Amino acid sequence: MITTKHLQTLFFICTLSITGYSQTNNEREIGGFEEFWDYSGWGFFVTPVIYQKPITSNTIGVIPITSVQKKSFQFGAKRYFSRTFKWSFNAGITANFTPSPNFRYDITTKIIDDYTYSGFDNPYDGLNGVSFTIPLQMEYKQRLGKKIYINFSAGFDVGFGSGITAIYQDRIQKKIDANSQITVFTIKLDNSGFLAGSQLKGGFYINFDTFLLQTNLLYNKSLLNLWEGEYRFSSLLNSERTTGRYKQSGDYFGLSTTVFFKRKK
């Protein structure tokens with residue numbers, strides 16, 4: 001749960017990130033990439049991403065749980081400091097559309113006589129809502145041609161998630177002779193209230209005169225799991241109880257596109 005203290009900490013980090021660096025017109029004279037001064041220090045970006053597939057593992061029992069990779073996207077704005085130098089720093093804010101949990105299971109005739117049931121097939125497919133993070137990154141760039149530059153960056157992305165606990169339940173009922181047999185699948189997952197990850201990026205700047213375009217491949221290694229919890233099957237007729245662990249790390253790959261508009265003279 002996000003508290004006032006959390007918001008104050010987030011505001012402090014954001015303020016420190018954006019105001020902690022100073023930038024003057026002298027950069028145009030000594031930076032070596034003077035043409036970057038012709039464009040705004042603010043870049044606006046959008047990033048489609050693919051999250052790593054969640055990991056499921058049974059601790060007891062034989063019913064398997066499967067899951068798939070999820071696609072999502074991000075957008076936001078970043079402020080670049082000392083951008084006319086080879087080494088620069090940037091900070092900003094990112095809106096992240098995090099994926100909801102996804103899982104599927106099959107109860108076959110091996111589990112229940114004369115009965116096959118295909119369970120959740122991405123039942124909560126889609127996005128889990130928006131979380132906001134602050135990227136803090138150092139960048140190195142080098143000229144490849146008159147209007148093309150290669151760049152590499154590394155840094156951290158920190159913020160706050162929903163911090164919720166989600167419980168999903170599926171009730172399966174089959175009449176066997178005069179009796180009804182009920183199988184219940186339950187999964188309980190916790191979402192981290194704090195988000196933190198390290199990022200690596202590499203790509204190019206392209207100068208189109210009217211605007212500056214930056215494209216980067218990126219990898220985010222999450223320092224905390226996005227979702228983590230346990231699942232269980234109970235009341236199976238011909239099988240022992242099945243329990244297991246579900247974990248989604250929050251690691252992802254992405255392709256970021258950032259646009260810097262030309263400054264008014």
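The values are calculated or read from the model by the stated rules, or taken from the named source; none is laboratory data. Please read these numbers as outputs of a predicted model, since none were measured by experiment. Here the Cβ is made from the backbone with ideal geometry for all residues, glycine too, and neighbour counts use every protein chain on show.
Run down Val68, Val62 and say which single residue is over 19 Å from Asn151 (Cα atoms), of a type outside the set (D, E, K, R), in contact (Cβ under 8 Å) with a residue 60 or more places away in the chain and not in a strand (DSSP E or B). Give the derivation first.
Numbers: Val68 fails: in contact (Cβ under 8 Å) with a residue 60 or more places away in the chain.
Of Val68, Val62, the one residue that is over 19 Å from Asn151 (Cα atoms), of a type outside the set (D, E, K, R), in contact (Cβ under 8 Å) with a residue 60 or more places away in the chain and not in a strand (DSSP E or B) is Val62.
Which fully enclosed strands (runs of 3 or more DSSP E) of region 190-261 have 3 or more residues being charged (D, E, K, R) and either over 25 Å from Gly161 (Cα atoms) or at pLDDT below 95 (or both)?
Numbers: elements: 194-207, 211-222, 227-234, 242-248, 252-261.
So the answer is 227-234.
If a residue must be more than 16 Å from the chain's Cα centre (by Cα), more than 18 Å from Phe261 (Cα to Cα) and free of Cβ contacts under 8 Å to residues at least 40 places away in the same chain, how many such residues does region 71-105 contain?
1
Please count how many residues of region 141-168 are hydroxyl-bearing (Ser, Thr, Tyr), modelled with pLDDT under 95 and under 20 Å from Gly41 (Cα atoms). Quick ask: steps written out before the conclusion?
If we filter region 141-168 for residues that are hydroxyl-bearing (Ser, Thr, Tyr), which is where we start, we get 149, 153, 162, 165, 168.
Restricting the remaining residues to those that are modelled with pLDDT under 95 gives 162, 165, 168.
Remaining after also requiring under 20 Å from Gly41 (Cα atoms): none.
Selection size over region 141-168: 0.
Based on what the data block shows, is Ile18 at pLDDT 65 or above, farther than 24 Å from Asp251 by Cα, surrounded by 15 or more Cβ atoms within 10 Å (Cβ to Cβ) and not aromatic (Phe, Trp, Tyr)? I'd like the intermediate steps shown before the answer.
On the way: at pLDDT 65 or above: no; farther than 24 Å from Asp251 by Cα: yes; surrounded by 15 or more Cβ atoms within 10 Å (Cβ to Cβ): yes; not aromatic (Phe, Trp, Tyr): yes.
In short, no.
Quick one: how many residues across region 67-83 are buried (at least 21 other Cβ atoms within 10 Å of the Cβ) and at pLDDT below 90? Talk me through it step by step, then tell me what you get.
First pass over region 67-83, keeping only residues buried (at least 21 other Cβ atoms within 10 Å of the Cβ): 70, 74, 78, 80, 83.
Remaining after also requiring at pLDDT below 90: 70, 83.
Residues in region 67-83 being buried (at least 21 other Cβ atoms within 10 Å of the Cβ) and at pLDDT below 90: 2 in total.
Of these, Thr108, Thr133, which one is at pLDDT 80 or above and polar (S, T, N, Q)? So that I can check it myself, show each step before the final result.
Details: Thr108 fails: at pLDDT 80 or above.
After applying the criteria, what remains is Thr133.
When only residues in region 192-221 that are over 26 Å from Gly250 (Cα atoms) and among the β-branched types (Val, Ile, Thr) count, which is nearest to the chain's Cα centre (by Cα)?
Ile206
Select from region 39-57 the residues that are surrounded by 15 or more Cβ atoms within 10 Å (Cβ to Cβ) and modelled with pLDDT under 90 and write down the one among them that is farthest from Lys262 (Cα to Cα).
Taking the candidates together, the pick is Thr56.
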